[in-house]
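Student: Sharing a structure, written as C-alpha cells. Questions coming.
What follows is calculated from the coordinates using simple rules that are stated; it is not laboratory data. What you see is a predicted model; the values in this text were computed from it and never measured. All Cβ positions, glycine included, derive from the backbone under ideal geometry; neighbour counts span all protein chains shown.
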Amino acid sequence: MCLGRYAEAHYFRLRCNKARVLHREENKKTHAENMPLYGASEYDPLQLKLREDHDGEWWVYAERTSLDPATVELLSEMDNGN
C-alpha cells in the first residue's frame with residue numbers, strides 16, 4: 001500500500017500493529033485457553049515493513065513470516081553456561 005510520505009506510512013504501520021494487539025486481547029475474552037486463537041491473532045504471521053521507492057514514495061508491505069516449530073529450542077533445555 002502506497003502512503004506517500006514516511007510519516008504517513010509509519011503511522012499506518014503503528015495503527016496496524018496496535019489493532020493486532022487489541023485483536024489478541026479480544027481473543028482472550030472470546031476463546032478458551034486451550035484454543036489456538038486464545039491470546040493470538042490471525043494477523044500475527046504478517047510482518048509490516050516500510051519501503052521507499054525510486055520516486056521517494058513510502059510503501060507498507062505485509063510479508064507473511066513462518067517459523068518451523070521443529071527448529072525452536074526451549075530455553076529451559078539450554079546449558080546454564082551459555
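Student: Could you grab me the full set of residues in region 20-53 that are among the hydrophobic types (A, V, I, L, M, F, W, C) and more than 22 Å from LEU67 (Cβ to Cβ)?
Tutor: LEU22, ALA32, LEU50 - these are the residues of region 20-53 that are among the hydrophobic types (A, V, I, L, M, F, W, C) and more than 22 Å from LEU67 (Cβ to Cβ).
Student: OK, next. Taking interchain pairs and intrachain pairs at least six residues apart, which have beta carbon atoms under 6 angstrom, with the first residue in region 27-46 and surrounded by 11 or more Cβ atoms within 10 Å (Cβ to Cβ) and the second β-branched (Val, Ile, Thr) and part of a loop (DSSP other than H, G, I, E, B)?
Tutor: Taking only residues 6 or more apart or on different chains, the pairs are PRO45/THR65.
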